[in-house]
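**Student:** So that we are looking at the same thing, I have put the structure below in structure tokens.
The values are calculated or read from the model by the stated rules, or taken from the named source; none is laboratory data. All values derive from a computational prediction rather than experimental measurement. We place every Cβ from the backbone using ideal geometry, glycine too, and count neighbours over all the protein chains shown.
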Amino acid sequence: MIHRDRNAKSTLPTLAVTVGDPTGIGPEIIVGALKDPSLYRVCRPLVVGRPEVLHRAMGQLGSPMAIDSIEDPSEGKPGIDRIACLTCGSPNAIEAPQGMIDARGGQAAYDALLFASRLALADQVEGIVTAPLHKVALHQAGHDWPGHTELLAEICGVQQYAMMLYLPPREDRKDPGLMESGAGRGGRFGLGVIHVTLHMALREIFAAIDPDAVFEKVSLAREVFSRLRRAYGESQEPSIAVAALNPHGGEMGRFGDEESTCIAPAVERARRLGWDVEGPLPVDTLMPRAVQGEFDAVVAMYHDQGHIALKLLDMFDAVNITLGLPILRTSVAHGTAHSIAGTATAKCSGMVQAILAAARLARGGWREDARRSVRQGDFAGG
């Protein structure tokens with residue numbers, strides 16, 4: 001839903017921000033982030049969850065914000081002194097103790113995600129931004145999913161999807177963190193890392209990597225950075241690097257042949273389509289090149305190969321974007337942090353960045369592009 005701000009010249013996208021697991025830091029980082037005035041210049045953030053959970057977080061943070069409980073996304077006027085909350089889920093969410101893994105927390109996170117996703121699928125909001133959930137609590141509540149990404153794919157009915165960790169350009173970030181040390185920051189449009197495999201045991205990774213799987217993620221990487229470039233007013237072909245799986249790129253088969261049998265064929269397929277793709281490249285030398293701006297996106301073969309590298313650059317400003325869905329979804333790139341829940345010490349910069357990224361992508365036409373791609377099912381020529 002695009003909301004016309006009477007005081008602005010342009011329309012503002014409405015975003016549904018889910019509370020995540022209330023036993024973790026999700027409510028705290030949401031309340032902290034929503035005090036940032038820059039958000040209201042680019043979007044209408046509506047919180048999805050129980051208002052009691054937000055009240056508790058406000059008390060812990062000493063925030064004087066008011067909460068308006070609303071039933072429709074068109075209602076409510078969020079601002080730095082007021083949170084608009086779309087109430088959903090069971091009131092017993094507030095009974096789950098902070099810092100403890102609890103099925104009631106898992107159920108609250110599930111309820112909020114399902115509610116927000118349905119709003120997005122019904123075009124009542126332009127996108128969703130999710131606070132973290134805890135996978136064990138989710139399982140305890142009876143929902144056997146590895147995490148947000150796989151659950152969202154099921155809700156949206158898609159088979160081809162990926163997680164991308166995205167580090168916005170430094171000038172778009174509130175808390176530059178480690179990047180102030182003089183290290184690179186990625187290209188003009190930021191830096192993304194897309195994963196071929198995600199939440200699985202390391203022993204299962206080799207069987208899950210094949211040319212089709214690699215090409216699918218290259219396609220998604222190209223698609224998302226084409227959208228990001230358009231959001232910044234550019235149309236040049238994105239530059240994508242594909243990581244090797246084995247040390248030193250396999251050393252010509254000495255350390256494994258997955259580079260030649262699984263990865264290189266996907267890269268060649270992409271290059272035949274005219275895409276700007278390079279690889280497979282050893283990740284220890286690839287990531288420094290990407291950080292210096294040589295590539296828009298890196299396709300990593302497994303979770304830690306991509307996560308560790310990007311989070312070392314800046315964990316708290318990185319944004320998680322789910323690719324392949326018919327809706328827009330961003331998230332913080334960290335977990336529930338149960339050990340500090342309720343202490344008012346959690347950084348909210350990641351949530352600010354997740355909301356800002358969603359707003360930018362929504363204004364760049366993400367939803368329309370995503371719906372078209374899912375309908376066609378071809379991932380731009382795949």
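**Student:** Look through region 262-289, keep the residues that are touching a residue at least 24 places away in the same chain (Cβ under 8 Å) and β-branched (V, I, T), and return whichever of them is nearest to H307 (Cα to Cα). I'd like the intermediate steps shown before the answer.
**Tutor:** As a first pass, look at region 262-289 and keep what is touching a residue at least 24 places away in the same chain (Cβ under 8 Å): 262-263, 265-267, 269-270, 273-283, 286, 288-289.
The next check asks that each one be β-branched (V, I, T); those that pass are 263, 267, 277, 283.
On the way: I263: 20, V267: 22, V277: 21, V283: 12 Å.
The selected residue is V283.
**Student:** Now for a separate question. List the number of the failed condition for D284; all other conditions in (1) of a type in the set (D, E, K, R); (2) closer than 30 Å to D123 by Cβ; (3) not assigned by TED's automatic domain parsing to the domain that holds Q124 hold.
**Tutor:** (2) is the only condition that D284 fails.
**Student:** Taking G106, is it buried (at least 18 other Cβ atoms within 10 Å of the Cβ) and either more than 30 Å from E368 (Cα to Cα) or not assigned by TED's automatic domain parsing to the domain that holds P22 (or both)? Talk me through it step by step, then tell me what you get.
**Tutor:** Details: buried (at least 18 other Cβ atoms within 10 Å of the Cβ): yes; either more than 30 Å from E368 (Cα to Cα) or not assigned by TED's automatic domain parsing to the domain that holds P22 (or both): yes.
For G106, the condition - buried (at least 18 other Cβ atoms within 10 Å of the Cβ) and either more than 30 Å from E368 (Cα to Cα) or not assigned by TED's automatic domain parsing to the domain that holds P22 (or both) - is met.
**Student:** Quickly run through region 272-295 and pick out the residues that are among the hydroxyl-bearing types (S, T, Y) and farther than 18 Å from G187 by Cα. Outline the logic, then answer.
**Tutor:** Here is the first cut: in region 272-295, the ones among the hydroxyl-bearing types (S, T, Y) are 285.
Within region 272-295, none qualify.
**Student:** Right, G59: modelled with pLDDT under 95, assigned by TED's automatic domain parsing to the domain that holds A33 and in contact with a strand residue (DSSP E or B) (Cβ under 7 Å, 6 or more places away or on another chain) or not? Even if it seems obvious, please write down each step before you answer.
**Tutor:** Values: modelled with pLDDT under 95: yes; assigned by TED's automatic domain parsing to the domain that holds A33: yes; in contact with a strand residue (DSSP E or B) (Cβ under 7 Å, 6 or more places away or on another chain): no.
Spelling it out, it is not the case that G59 is modelled with pLDDT under 95, assigned by TED's automatic domain parsing to the domain that holds A33 and in contact with a strand residue (DSSP E or B) (Cβ under 7 Å, 6 or more places away or on another chain).
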